[in-house]
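Report on the structure given below.
The values are calculated or read from the model by the stated rules, or taken from the named source; none is laboratory data. Because the structure is predicted, anything quoted here is derived from the model rather than measured. For neighbour counting, all protein chains shown are included, and Cβ atoms are generated from backbone atoms with ideal geometry for every residue, glycine included.
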Amino acid sequence: MAVIEATPDEGAVDFGVPHVAIIMDGNGRWAKNRGWPRLVGHRRGAERVKQIVRACPDLGVRWLTVYAFSTENWKRSTEEVLGLMGIFARYIQKEADALSAEGVRMRFIGGRERLEPKLQALMAGIEARTSANTRLNLTVAINYGGRDELTRASACLARDLAAGLICEADLTQGALEARLDTAGIPDPDLVIRTSGETRTSNFLPWQAAYAEYEFTETLWPDFSAEALAEVLARFGQRDRRFGGAKA
């Protein structure tokens, strides 16, 4: 398998935001505003993901994490949940060749045990196929919840301690981070939420502790590459001190 390395793209604009995380909200409202079923909005949202993924390298973004389905989204109607799972499967099947050819590494975070075996197999397959790519790292959160992730990581630490694999002195921040779904993935620099909502919805609570946040009224299906560039430009004007005092 060919390895596609991360090299500066010709004409790229680097806003200094290597990792962007997005809470993709507003698909249902976008469809409702047009008198269409919610799943139409989700399908349009999936198309928007494709466009944003392709735009990221030209904007200097090397890591992109998107919130596709939360642990709380199972509360939605059976029709909507099944429809969303079908959209995820079709996205992986349809985009596998393009993602691989464009140097995108795709991986998933969240608990997989509740997902259909076919979807789990597709997820594992595209992760393996794109594992050597480095131009863009795309992480998709499916059946993900920050509290669930922290609970699972803490339980893993407890089991290792009980089994004698680690001692109390090993119970460090780094040890917990190594057991998170995002182990090996840098923390996000910027978290964007579309649709006008201003809550974080259990998305990357540990990892985004020092991320900058941007909330936009734009519904996800309307969030263009140009809109992303504008957000990144504003991010570039922020003074990030990570708890330190300004000199």
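Every residue, every condition in (1) within 14 Å of the chain's Cα centre (by Cα); (2) farther than 16 Å from residue 87 by Cα; (3) at pLDDT 95 or above, yes or no:
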| position | (1), (2), (3) |
| --- | --- |
| 6 | no, yes, no |
| 9 | no, yes, no |
| 15 | no, yes, no |
| 24 | yes, no, yes |
| 32 | no, yes, yes |
| 37 | no, no, yes |
| 42 | no, no, yes |
| 50 | yes, no, yes |
Response to the item:
Taking the stretch 69-107 and keeping only residues that are buried (at least 17 other Cβ atoms within 10 Å of the Cβ), touching a Phe, Trp or Tyr at 6+ places or on another chain (Cβ under 7 Å) and aliphatic (A, V, I, L, M), one is left with 84
Worksheet item: In the stretch 211-247, what count of residues is obtained for those that are part of a loop (DSSP other than H, G, I, E, B) and modelled with pLDDT under 95?
Response: 12
Worksheet item: Is at least one residue of the stretch 183-192 over 20 Å from residue 61 (Cα atoms) and in contact with a strand residue (DSSP E or B) (Cβ under 6 Å, 6 or more places away or on another chain)?
Response: no
Worksheet entry | Which listed residue is charged (D, E, K, R) and over 21 Å from residue 201 (Cα atoms), from 80, 72, 113 | 113
Worksheet, complete the sentence: Restricting the stretch 200-231 to residues that are farther than 23 Å from residue 50 by Cβ and touching a helix residue (DSSP H, G or I) at 6+ places or on another chain (Cβ under 8 Å), the one surrounded by the fewest Cβ atoms within 10 Å (Cβ to Cβ) turns out to be 205
Discussion item. Against the definition (buried (at least 19 other Cβ atoms within 10 Å of the Cβ) and more than 27 Å from residue 27 (Cβ to Cβ)), how does residue 133 come out, yes or no?
Written reply: yes
Worksheet item: Taking the stretch 40-64, which residues are among the aliphatic types (A, V, I, L, M) and surrounded by fewer than 19 Cβ atoms within 10 Å (Cβ to Cβ)?
Response: 40, 55
